[in-house]
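The values are calculated or read from the model by the stated rules, or taken from the named source; none is laboratory data. Owing to the predicted nature of the structure, the values given are computational and were not obtained by experimental measurement. Heads up, the Cβs are rebuilt from the backbone with ideal geometry, glycines too, and the neighbour counts pull from every protein chain shown. Note: areas computed on protein heavy atoms with side chains; ligands, DNA, RNA excluded. Shrake-Rupley method; radii C 1.70, N 1.55, O 1.52, S 1.80 Å.
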Amino acid sequence: MAAPPFDALYGLEIETAGPDGATGTAAVTDGVRQPAGLVHGGVYASMAESLAVAATEAATGRTAAGHSSQTSFLRPITAGTVHAAGRPRHRGRSTWVWEFDVTDDDGRLCALVRMTVAVRDA
């Protein structure tokens, strides 16, 4: 599945996006690192928002947009690939809440993201 233009800037590859979950990856490049050499936290949040929106829209046939996001950083990623896998925790009429695990190439949990998306008719 092709990523929207903003997501193409940081290299998001959407692997799956449906009613029961969403997964995607982004390669770690100099363009996604902050000055200390760590993947910028905005990459994790952006991945979660884009994956949650794509999956919610696929599941509902309605328009979805990011409403709120909270990221907890557990360990840095400095090289390789960022992996994000999420599942819906709440499927409401006007909002869906998603939780994403962000891992490194070794499968270590590096961040947790809770993403709420607003759902509306197009």
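Here the Karplus relation 6.51 cos²θ - 1.76 cosθ + 1.60, evaluated at θ = phi - 60°, turns the backbone of segment 52-65 into coupling constants of 5, 5, 4, 6, 5, 5, 5, 6, 9, x, 10, 7, 10, 8 Hz, with x for every Gly and Pro. For segment 15-117, carbon and sulfur atoms together expose 48% of the accessible surface, with a 1.4 angstrom probe and every protein chain in place. Please give the residues of segment 66-83, grouped as numeric ranges, whose backbone N is less than 15 Å from a label point set 7 Å along the Cα-to-Cβ vector of Arg120. Once the point is set 7 Å along Cα→Cβ of Arg120, 66-68 turn out to lie under 15 Å by backbone N, inside segment 66-83. Between Ser68 and Leu9, the modelled labels are 2.6 nm apart [label points 7 Å from Cα along Cα→Cβ]. Projecting the Cα positions of Ala36, Ala84, Ser72 onto the charge dipole of segment 1-92 (unit charges on Cβ atoms of Lys, Arg, Asp and Glu, taken about the Cα centre) puts Ser72 furthest along the positive direction. Applying D = kT/(6 pi eta Rh) to segment 1-55, where Rh is the Kirkwood radius over alpha-carbon pairs, T corresponds to 37 °C and eta to 0.692 mPa s, the Stokes-Einstein value obtained is 287 µm²/s. Here the Karplus curve 6.51 cos²θ - 1.76 cosθ + 1.60, taken at θ = phi - 60°, turns the phi angles of segment 8-25 into couplings of 5, 4, 9, x, 5, 10, 7, 8, 9, 7, x, x, 9, x, 8, 9, x, 9 Hz, with x standing for Gly and Pro. Only Cα pairs under 8 Å and 6+ residues apart enter the sum, and on that basis the relative contact order of the chain stands at 26 percent.
Express the accessible area of the chain per residue in Å², computed with a 1.4 Å probe while the remaining protein chains stay in the model.
Accessible surface, normalised per residue, equals 52 Å².
With the Kirkwood sum run over all distinct C-alpha pairs, segment 42-94 has a hydrodynamic radius of 12.6 Å.
How big is the C-alpha Rg of the chain next to the rule-of-thumb value 2.2 N^0.38 Å, as a ratio? Walk me through the intermediate numbers first.
On the way: Rg = 13.6 Å, N = 122, 2.2 N^0.38 = 13.7 Å.
Taking N as the residue count of the chain, the ratio is 1.00.
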